[in-house]
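Notes follow the structure.
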Amino acid sequence: MNDPALAHDGLLRHDNAVLPFTVESLDVRGRVVRLGSTLDSILHRHAYPDAVARLIGEALALTALLGSSLKVSGSFQLQARTDGIVSLLVVDYDLPDRLRAYARFDETLLAAHPKATSAELLGHGHLGLTIDQGPHTSRYQGLVALSGQGLEEAAHQYFKQSEQIPTRVRLAFGHLVNPQQDSDSWRAGGMIVQFLPASTDRLRQADLPPGDAPQGVDIIDHPEDEHWVEALALTETIEDHELLDPDLSSEDLLFRLFHERDPRVFEAEKLIDRCRCSTERILGMIEQFSESDRRAMVADDGTITVTCEFCSTHYHIDPESIGLA
């Protein structure tokens with residue numbers, strides 16, 4: 001474990017970054033994410049209401065935790081489509097370090113429920129987790145039904161159903177006020193811990209009670225591995241402020257949790273706010289429309305204006321560039 005005395009450089013080294021770690025004595029590995037200015041710039045660009053900002057912050061932290069585990073080129077996307085106040089939530093993670101996010105919500109419904117939780121904002125629908133490694137590979141997508149749960153629980157369902165890896169996810173979001181500089185900012189943090197023993201027999205998780213089993217049927221109980229029980233218990237002690245505190249480095253947080261188990265950290269992976277939109281992409285999108293539709297896009301000033309939903313950048317396209325004389 002690195003020297004805990006390095007904790008106070010956490011703001012520089014571990015803000016807007018994912019820190020991978022392992023606890024070999026517990027057969028556990030995981031990652032810690034801290035988002036500061038990267039998150040703040042994404043949220044302030046759209047002036048999202050507090051409740052929606054919280055959901056996006058949690059989604060960005062979760063996407064960073066999941067996407068950073070991929071040691072491939074390409075992208076990872078988290079997308080939720082629901083019947084809730086937030087009908088669409090999209091977070092893109094273009095490896096190795098680019099994040100962007102967008103949410104569509106009903107302002108009238110939100111005004112009636114301004115303090116709605118993330119679970120209440122999502123309501124019912126589905127959460128999709130997509131891995132895209134490029135045009136020459138097949139995309140992989142995992143789906144989780146949303147039925148009133150938040151992103152933490154949805155992530156747990158995904159790992160239990162799709163990956164079958166014992167996993168605990170913690171997400172936190174908060175507002176940091178700096179009275180000395182008369183400023184405030186959003187912060188998000190998260191942690192994922194996974195149990196990955198050498199023996200697959202130790203991966204068995206306790207089943208839910210089967211109810212009234214037929215007479216003569218033996219019910220096999222698979223108690224959870226003691227190492228995973230210990231790792232889970234330690235992870236549950238994390239408080240939100242520990243994941244958000246800019247003066248507490250990710251290394252120090254891990255030292256607090258696992259100091260008796262000799263945790264090991266790896267190089268932190270930086271995260272930036274960067275959209276993938278460009279003039280070339282916009283032109284490619286417009287060219288997919290019919291000529292009549294493209295002509296209908298031309299405004300009174302003789303140009304086509306397109307605004308990126310993610311970064312709010314305005315693109316002014318000359319009709320001649322898309323074949324309109």
Per the filter on region 86-122, residues more than 18 Å from the chain's Cα centre (by Cα) and either part of a strand (DSSP E or B) or small (Gly, Ala, Ser) (or both) are Phe105, Ala111, Ala112, Ala116
Check off (1) more than 30 Å from Tyr48 (Cα to Cα); (2) modelled with pLDDT of 95 or more; (3) assigned to a loop (DSSP other than H, G, I, E, B) for Leu234 and give me the number that stays unchecked. (3)
In this structure, is Leu62 out of contact with any Ser or Thr (no Cβ under 6 Å at 6 or more places or on another chain), assigned by TED's automatic domain parsing to the domain that holds Gly148 and under 30 Å from Glu226 (Cα atoms)? yes
Being at negative phi, small (Gly, Ala, Ser) and at pLDDT below 95 narrows Ser147, Ser185 down to just Ser185
Among the candidates Phe255, Phe289, Phe266, residue that is loosely packed, with under 14 Cβ neighbours inside 10 Å, in the same structural domain as Thr22 (by TED's automatic domain parsing) and not β-branched (Val, Ile, Thr): Phe266
Right, Ile165: part of a loop (DSSP other than H, G, I, E, B) and closer than 19 Å to Arg31 by Cβ or not? yes
With within 30 Å of Val32 (Cα to Cα) and touching a helix residue (DSSP H, G or I) at 6+ places or on another chain (Cβ under 7 Å) as the only criterion, which of Val306, Val265, Val298 stands out? Val265
With Lys160, Lys115 as the choices, which residue is farther than 30 Å from Val28 by Cα, of a type in the set (Lys, Arg) and surrounded by fewer than 16 Cβ atoms within 10 Å (Cβ to Cβ)? Lys115
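For (1) touching a residue at least 24 places away in the same chain (Cβ under 8 Å); (2) over 17 Å from Thr108 (Cβ atoms); (3) buried (at least 23 other Cβ atoms within 10 Å of the Cβ), each residue gets a yes or a no:
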residue	(1), (2), (3)
Ala51	yes, no, no
Ile56	yes, yes, yes
Ser69	yes, yes, no
Arg81	yes, yes, no
Val91	yes, yes, yes
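Listed here are the residues, each with its yes/no results for (1) without any contact (Cβ under 8 Å) to a residue 12 or more places away in the chain; (2) touching a strand residue (DSSP E or B) at 6+ places or on another chain (Cβ under 9 Å).
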| position | (1), (2) |
| --- | --- |
| Thr237 | no, no |
| Pro246 | no, yes |
| Arg274 | no, yes |
| Thr279 | no, yes |
| Met297 | yes, yes |
| His314 | yes, yes |
| Asp318 | no, yes |
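The values are calculated or read from the model by the stated rules, or taken from the named source; none is laboratory data. Quick caveat: nothing in here was measured; it's all calculated off a predicted structure. Quick reminder, even Gly has a Cβ in these numbers, built from the backbone with ideal geometry, and neighbours come from all protein chains shown.
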